[in-house]
Amino acid sequence: FLSPLLADAETLGGPDPELAATMGFSGFGKKARTFDLEAMFEQTRRTAVERSRKVLEARAREKEDQAEKEFRSPYTDSSASASSATGAGSTLTQRETACNESEDSSDEGLIGPAMQSQTSPQGPAEYPDDAEDDEFIGPPLPPGFKDSDDDNDDDTEEEDNNPVKKIPDSHEITLQHGTKTVSALGLDPSGARLITGGYDYDVKFWDFAGMDASLQAFRSLQPCECHQIKSLQYSSTGDVILVVSGNSQAKVLDRDGFPVMECIKGDQYIVDMTNTKGHTAMLNSGCWHPKIKEEFLTCSNDGTVRTWDVNNEKKHKNVFKPRSVQGKRVIPTTCTYSRDGKLIAAGCQDGSIQIWDRNMSVHTKFHCRQAHAPGTDTSCLTFSYDGTVLASRGGDDTLKIWDIRQFKKPLNSAERLPSFFPMTDCCFSPDDKILVTGTSVKKGGGSGKLFFFYRETFQKLYEIEVTDASVVRCLWHPKLNQIMVGTGNGLAKVYYDPVKSQRGAKLCVVKTKRKERQAETLTQDYIITPHALPMFREPRQRSTRKQLEKDRLDPMKSHKPEPPVAGPGRGGRVGTHGGTLSSYIVKNIALDKTDDSNPREAILRHAKEAEENPYWVAPAYAKTQPKTVFAEVEPEDDETDKPEWKKRKI
């Protein structure tokens, strides 16, 4: 389909200026790059044929082994058939040869897995190519000769036999969350966004496709105020995020961090936790249902495990209450769903692991009373991808793997794995053959490590020294094939392999850092004041002597400020007072110069004004009030000789 275009490009000697002006760009009409399409198609066809041949040969070998065990034919028959085949080969006509070539070409064009071969009483029916490849025609091959296909097969077989080569740890990037412990990690199902939460109350959002080599988060928020983040997880569809923190109310955020719902808080004064609408104590863990996108699970220090619906924040859906051997309440420290969502598992402080049917909350379906040491916090429970095996990370420095159908005894156990955090977790590899967990260290006590165990034998396959702090969280994403690790010093590390891994960290490490804007690169800040300009500047006097003389004559400017009142008395300043109510009252008393020593005269002082302008009592009794008569005081000479009670007359 490109041949007419290529022919036009060859016949076109140079760019036509009129045509270039019409199209609007100067490069129109130049000779296009030529590609050898036949060579490209041939290379693609050979690659496809090689892959198909490998699959066919592997299946043919399996069929041959089965056929040799079931049907044994005499060697004489095989020699006779070989001689007849040789004779027939010598008498082949040109038409038969052409037919065989056409069949070979049709078989070579086969792409994808081969069809199942049908067995006959004489033996399995083989493909023509395989039959011709099995019969060696011509001189024997020299010793030590190996085909390239055999080399590739050996490499794949060696990788299958050695699971360490499947661990993507050749490269790493470090995301700086903060300075405190990264206690929660979450990746959406597609692997496009990572969320981290820590003891600093922050939740940060990282977009691998939008980040450059500077590795900066595009959003940071504190959804639960001053509560440490315990768990973060995207739903099965990736559109909402479950946030479990140190308070009693779990929150659900959308992809951009905006709140969607908040669980209700229960009544802490009710004894039976079934009758409360929500949790009444600190949350410990939470996770989403793997199949139902609206349902999630939380466990709390109030001794309950509750399921919730995103569309109903007023009350939980169901309540599961773990019980000890004596039937007493026990605190669940971690909880999870099975891969199909039919089972709910919880690890408790008494060392037990209890599993319920999701639809039956009364009695446990499976339980193990002595899974871990009593009094320790089981920090993580996770089911394998096939759903038959449960891994538990205990606070007793152990990692155990269980078959829930035989739940009395662990299948395997690993010890001496220190854990100082209540959320140290473990996870399975995407192929379900490796189990991963982290270890904790004290400050200055070495490096935190990531350990890889073979699931079948629990043999330690590999270890990675992450950093000089504890490894708290680990997450192996099945689509990206990348390992995310949260540490105790505020780092989130991503381990990947350029060949084995997909997208994720590979998208952002290849991008160069963006150039800073020119406004952000000013060498110094300029402060511009309007009055510094000449047109706004006030006129400056040439001599200050005249201004000082004017200020001396001004009584306000030349007045010395009064010193503060110190010591007893006011120093003659009556108006000086503090800012309190008592000082204000004292000031008013001092300024009040009226003499109330004679109460009669104090009343008669207002008599003339009351008579001329009556206001209170007189208008009401204007018609019936008699005329007021006051007695007159006669002055006497010998008033001083009389007793005190006879000096006044009314």
Can you pull out every residue in segment 454-476 that is surrounded by fewer than 23 Cβ atoms within 10 Å (Cβ to Cβ) and in a loop (DSSP other than H, G, I, E, B)? R455, E456, T457, F458, Q459, D468, A469
Is one or more of the residues making up segment 275-286 more than 20 Å from V243 (Cα to Cα) and either touching a residue at least 40 places away in the same chain (Cβ under 8 Å) or open to solvent by 10 Å² or more (accessible area, probe 1.4 Å) (or both)? yes
Among L411, L390, L381, which is the only one that is in contact with a strand residue (DSSP E or B) (Cβ under 6 Å, 6 or more places away or on another chain) and surrounded by fewer than 23 Cβ atoms within 10 Å (Cβ to Cβ)? L411
Complete set of residues in segment 477-494 that are open to solvent by 10 Å² or more (accessible area, probe 1.4 Å) and either within 15 Å of F451 (Cα to Cα) or in contact with a strand residue (DSSP E or B) (Cβ under 8 Å, 6 or more places away or on another chain) (or both): H477, N481, G488, N489, L491, K493
With D431, D397 as the choices, which residue is closer than 22 Å to G486 by Cα, among the acidic types (D, E) and within 27 Å of the chain's Cα centre (by Cα)? D397
Could you say whether any residue in segment 426-441 is open to solvent by 60 Å² or more (accessible area, probe 1.4 Å), without any contact (Cβ under 8 Å) to a residue 40 or more places away in the chain and under 30 Å from Q370 (Cβ atoms)? no
Suppose we filter G387, G347, G375 for residues that are within 28 Å of the chain's Cα centre (by Cα) and at pLDDT below 90; which single one remains? G387
I need a count of the residues in segment 397-408 that are open to solvent by 50 Å² or more (accessible area, probe 1.4 Å) and touching a Cys at 6+ places or on another chain (Cβ under 9 Å). 1
Consider P418 against the criteria (1) outside any loop (DSSP other than H, G, I, E, B); (2) of a type outside the set (A, V, I, L, M, F, W, C); (3) surrounded by fewer than 20 Cβ atoms within 10 Å (Cβ to Cβ): it satisfies all of them except one. Which criterion is unmet? (1)
Could you tell me whether segment 316-328 includes any residue that is out of contact with any helix residue (DSSP H, G or I) (no Cβ under 9 Å at 6 or more places or on another chain), at pLDDT 90 or above, among the aromatic types (F, W, Y) and not in a loop (DSSP other than H, G, I, E, B)? yes
So how many residues does segment 454-496 have that are within 17 Å of the chain's Cα centre (by Cα) and either of a type in the set (S, T, N, Q) or at positive phi (or both)? 4
Could you please let me know if F451 is surrounded by fewer than 22 Cβ atoms within 10 Å (Cβ to Cβ), under 25 Å from the mean Cα position of the chain (by Cα), in a loop (DSSP other than H, G, I, E, B) and modelled with pLDDT of 90 or more? no
Segment 350-371, residues that are at pLDDT 90 or above, closer than 27 Å to P430 by Cβ and touching a Gly at 6+ places or on another chain (Cβ under 9 Å): I353
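The values are calculated or read from the model by the stated rules, or taken from the named source; none is laboratory data. Values in this document were obtained by computation on a predicted structure and should not be read as measured data. All Cβ positions, even for glycine, are placed from backbone atoms using ideal geometry, and neighbour counts span all protein chains on display. Quick note on the areas: whole protein, heavy atoms, side chains included, nothing else; ligands and nucleic acids left out. Shrake-Rupley method; radii C 1.70, N 1.55, O 1.52, S 1.80 Å.
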